[in-house]
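The structure appears right after this line, and notes come after that.
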Amino acid sequence: MELEQLLAAANTVLLEGTGRCLSDVETAILQGAIADQTYEEISEISGYSVNYVKRDVGPKLWKRLSDALGETVSKTNFQAALARWQRQVASPQRPLVVSLEAQGTPPQAEAVAKLPLAIPEIYVERPPIEEICCETLRQPGALVRIKAPHLMGKTLLITRVLAQVAQERYRTISFSFEMADRQTHFTSINRFMRWFCTNLSRELGLPSQLDQYWDEEQVGVKISSTTYLEEYLLPQADTPLVLCLDNVDVLFPYPEIYEDFFGLLRSWHEKAKSRPLWRRLRLVLAHATDVYIRLHINQSPFNVGVPVELSEFTEAQAQTLAQQHGLPFPVASAKSLMELVGGHPYLLEQAFSYLKSHPEVSLKDLLAAAPTEAGIFSHHLREHWLTLQSHPELMAAFRTVLDRVALNEAVPQLEPTAAYQLQRMGLVKFCGNQAKPRCSLYQQYFSRYMSAVS
């Protein structure tokens with residue numbers, strides 16, 4: 001299959017299977033994979049960060065294709081998998097590939113118009129969080145703030161909630177600030193806001209008309225972007241528009257960006273009180289830690305709206321997750337696993353997925369190997385270890401936490417930036433000002449490695 005045929009086939013498979021076709025970054029990944037490029041080369045060519053391409057979008061893309069095709073798909077075999085799919089569906093009654101740009105209809109607008117968003121098959125509800133989010137977003141001018149460290153389930157919650165409101169004909173936009181190229185988009189508020197507004201257009205399947213509304217010198221960036229929403233994006237339909245912004249804490253190190261941007265979000269939220277058109281806009285802000293940046297009380301979007309904080313899974317929720325994987329997991333087994341990883345959703349998901357696909361492995365063997373390089377969490381643990389090695393201040397702060405906890409002593413208050421980063425990574429949790437390792441797995445693994453390098 002040629003390049004265009006492969007991309008068109010992937011679009012069709014994803015549209016039919018998940019209700020959403022390829023995004024720009026997913027298209028770039030497939031193009032690079034077809035050309036046998038590494039993730040680093042794909043990142044350099046596409047302009048997206050390596051971490052975002054390799055660790056976020058890439059794995060999710062292969063998972064989406066796997067679910068849609070009914071077989072395991074990876075960067076190395078997706079071309080063969082799509083070829084098999086094409087042979088299976090070929091018939092006189094059905095075209096091999098559906099053109100998503102027929103009659104000039106933008107691909108994403110076509111997808112949104114025809115099919116609802118897909119609801120995750122593996123999902124553990126954490127009542128009443130889902131209902132709070134949905135009920136809040138049904139209110140004009142709503143704002144929801146979701147806080148949880150990385151890998152605690154923010155993205156799944158967002159997907160679940162957006163899928164539900166999409167069934168009520170709401171328009172939805174969801175993208176992460178990890179998509180931004182820090183060296184390009186974070187250099188000025190003008191560049192950032194142009195990137196932001198362009199992506200809003202793209203997510204809605206609309207052609208960008210930014211140049212018709214943008215006048216940085218005469219009216220400024222904030223008025224230009226506000227006018228773009230008010231006169232172009234919001235009036236495109238009379239239905240609510242839910243705008244979900246994930247990983248907004250990526251902006252926290254950039255005061256020259258966040259001061260204006262967060263103030264702008266607050267002003268858009270406030271406009272709903274007096275302007276009927278702005279009542280259509282519903283905001284969701286997702287971030288990994290407490291908001292430690294300085295913002296004027298009347299310019300911050302983090303002191304209004306409805307706050308939602310994701311906690312770790314309870315034993316009952318861990319049991320539900322095991323059942324969704326088809327595992328007859330006894331209560332005692334769930335307790336032993338949670339003694340190691342706590343209620344960490346990602347670590348529990350990894351354990352249950354592995355046990356499901358490797359029935360010959362016992363939970364006892366899995367737990368014994370878990371804190372070692374032979375364990376199923378080794379890749380996850382090494383990623384954290386590499387991050388700590390490249391940031392000596394985080395290594396020192398985490399070492400302090402581990403050492404004091406091992407001695408059963410109180411942990412001194414950490415330097416705020418280091419505390420924020422460790423919390424964002426999910427390595428520590430706080431009880432008041434007291435930090436401790438998030439789970440026994442982290443304490444065992446990192447204590448051993450830090451002892452080896454001390």
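The values are calculated or read from the model by the stated rules, or taken from the named source; none is laboratory data. Given the structure is predicted, the values throughout are model-derived calculations rather than measurements. Cβ: placed from backbone, ideal geometry, glycine included. Neighbour counts: every protein chain shown. To get the accessible areas, we keep the full protein, side chains included, count just its heavy atoms, and leave off ligands, DNA and RNA. Shrake-Rupley method; radii C 1.70, N 1.55, O 1.52, S 1.80 Å.
For the chain, report the accessible area per residue in Å² (1.4 Å probe, heavy atoms, rounded to an integer).
Result: 47 Å² of accessible area for each residue.
Exactly which GluC sites (Glu not before Pro) in segment 335-401 are in a DSSP loop and have at most 12 other Cβ atoms within 10 Å?
Counting only loop positions with at most 12 other Cβ atoms within 10 Å, the GluC sites (Glu not before Pro) in segment 335-401 are Glu360, Glu373.
Do the alpha carbons of any pairs in Lys335/Lys356; Lys75/Lys154; Lys222/Lys273; Lys60/Lys154; Lys335/Lys436 sit beyond 22 Å of each other, and which pairs? Can you show the working numbers first?
Numbers: Lys335/Lys356 18 Å; Lys75/Lys154 26 Å; Lys222/Lys273 19 Å; Lys60/Lys154 14 Å; Lys335/Lys436 20 Å.
Listed pairs above 22 Å: Lys75/Lys154.
Before rounding to the nearest 500, sum -39500 (n - 2.57) across all DSSP H runs of length at least 4 in the chain and divide by the residue total; then give [θ] at 222 nm in deg cm²/dmol. Let's see the in-between values first.
On the way: 21 runs with 230 residues, N = 454.
Mean residue ellipticity at 222 nm (helix-derived): -15500 deg cm²/dmol.
Give a quick list of GluC sites (Glu not before Pro) in segment 120-177 that DSSP marks as loop, anything other than H, G, I, E or B, with at most 13 other Cβ atoms within 10 Å. Could the numbers behind the result be given before it?
On the way: sites: Glu121, Glu125, Glu130, Glu131, Glu135, Glu168; in loops: Glu121, Glu125, Glu168.
Sparse-neighbourhood loop GluC sites (Glu not before Pro): Glu121, Glu125, Glu168.
Of all DSSP beta bridges located in the chain, what percent are antiparallel, nearest 5? Each step should come with its number before you reach the end.
Numbers: 5 of 25 bridges.
Of the beta bridges lying entirely in the chain, close to 20 percent run antiparallel.
How many angstrom lie between the C-alpha centres of segment 130-189 and segment 254-269?
Taking the Cα centre of each part, segment 130-189 and segment 254-269 sit 17 Å apart.
Which shape class applies to the chain: rounded if a/c is under 1.5, otherwise prolate when a/b exceeds b/c and oblate if not, where a ≥ b ≥ c are the square roots of the Cα gyration tensor eigenvalues?
oblate
Grab the other residues whose beta carbon is less than 10 angstrom from that of Phe175, score K and R as +1, D and E as -1, and report the net.
Neighbour charge sum, excluding Phe175 itself: -2.
In a Debye calculation with equal point scatterers on the alpha-carbon sites of segment 267-346 and no solvent, what is log10 I(q)/I(0) at q = 0.23 Å⁻¹?
Result of the Debye calculation: -1.07.
Please name whichever of Thr198, Leu65, Gly426 sits farthest to the positive end of the charge dipole of the chain, dipole taken about the Cα centre and charges placed at Cβ: Lys and Arg +1, Asp and Glu -1.
After comparing all options, I get Gly426.
Over segment 171-290, with a single point scatterer placed on each C-alpha, what log10 of the ratio I(q)/I(0) does the Debye formula yield at q = 0.10, 0.12, 0.13, 0.14 1/Å?
Normalising to I(0) and taking log10 leaves -0.28, -0.41, -0.49, -0.57.
First compute the accessible area of segment 307-454 with a 1.4 Å probe, then give the percent of it belonging to carbon and sulfur atoms.
Carbon-and-sulfur percentage of accessible area, whole number: 54.
Using DSSP to define loop residues, name the trypsin sites (Lys or Arg not before Pro) in segment 119-213 whose beta-carbon has at most 10 other beta-carbon atoms within 10 Å.
Working: sites: Arg138, Arg145, Lys147, Lys154, Arg160, Arg169, Arg171, Arg182, Arg191, Arg194, Arg202; in loops: Arg138, Arg169.
Listed in order of number, the matching sites amount to none.
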